[in-house]
Amino acid sequence: MAKQKFYVVWEGHKPGVYASWDACKKQVDGFNGAKYKSFESQGEADAAFKSNYWKFVKKADPVKPAAGKTPRSAIIRESLAVDAACSGNPGDMEYQGVWTATGQQLFHVGPLEDGTNNIGEFLALVHALAMLKQMGKPQMPIYSDSKIAQGWIKKGKCNTKLEPTGRNKKIFDLIDRAEKWLAVNKITNPVLKWETEFWGEIPADFGRK
């Protein structure tokens, strides 16, 4: 059984501390620029809520980065960012895409039963590629913080070891559709690595770390 986490919403429909992801999700879904994060205990969450959000998100110095580090000024704002989250491995999996510059949600799928985070990252990238093609934005970059998913995209195949079950049929249906899309569509959008170490969490992050 997964350990209970507590969720702080600094900016959302109703800021506060919530004892479940479902309760937190109601406060951040559809809220542009929502700021939230999970904590291991009620005490940590209560203290964090009284503090500043940015104290709990790693940020690089945008003006004077250390040697070899990429400053936040290098982020391409006119881009799309994707991320996935999974409660367990396997577990309930979901993924989403947002505009990098604003955090506005463009798509959200899930939760879906018996998935993995890597599968979610892969499906999110394909979803983003297909959406941008439909929108007539064949050169817009897509950010992902998953090297594994980016490698699967290059190979055109979701190289998961997850076994199909009756519960995750929908996930494998989505994988099949994604692989077929990759087989017949040329990828023109740059798929870029989000440098979490230097830039903080990707804008599409679900805030559950």
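For Asn159, state whether it is among the polar types (S, T, N, Q), open to solvent by 80 Å² or more (accessible area, probe 1.4 Å) and under 15 Å from Thr116 (Cα atoms). Criteria met by Asn159.
Just to be sure, is Thr188 touching an Asp or Glu at 6+ places or on another chain (Cβ under 7 Å), surrounded by fewer than 15 Cβ atoms within 10 Å (Cβ to Cβ) and at pLDDT below 95? No.
Looking across the stretch 25-51, the residues that are without any contact (Cβ under 8 Å) to a residue 24 or more places away in the chain and farther than 18 Å from Thr102 by Cβ come down to Lys25, Lys26, Gln27, Gly43, Ala47, Lys50, Ser51. The criterion of at least 3 residues that are closer than 30 Å to Ser73 by Cβ is met by the following helices (runs of 4 or more DSSP H) wholly inside the stretch 91-197: 117-134, 147-155. Residues in the stretch 95-138 that are more than 23 Å from Ile171 (Cβ to Cβ) and either open to solvent by 30 Å² or more (accessible area, probe 1.4 Å) or among the hydrophobic types (A, V, I, L, M, F, W, C) (or both): Trp99, Ala101, Thr102, Gln104, Met135, Gly136, Lys137, Pro138. Considering the stretch 1-24, the residues that are part of a loop (DSSP other than H, G, I, E, B) and closer than 25 Å to Thr100 by Cα include one that is most open to solvent (accessible area, probe 1.4 Å), namely Lys14.
The values are calculated or read from the model by the stated rules, or taken from the named source; none is laboratory data. These numbers were taken from a predicted model, which means no experiment stands behind them. A quick note on method: Cβ atoms are made from the backbone with ideal geometry, for glycine too, and the neighbour counts reach across all protein chains shown. Protein only, heavy atoms only, side chains kept; ligands, DNA and RNA dropped before computing areas. Shrake-Rupley method; radii C 1.70, N 1.55, O 1.52, S 1.80 Å.
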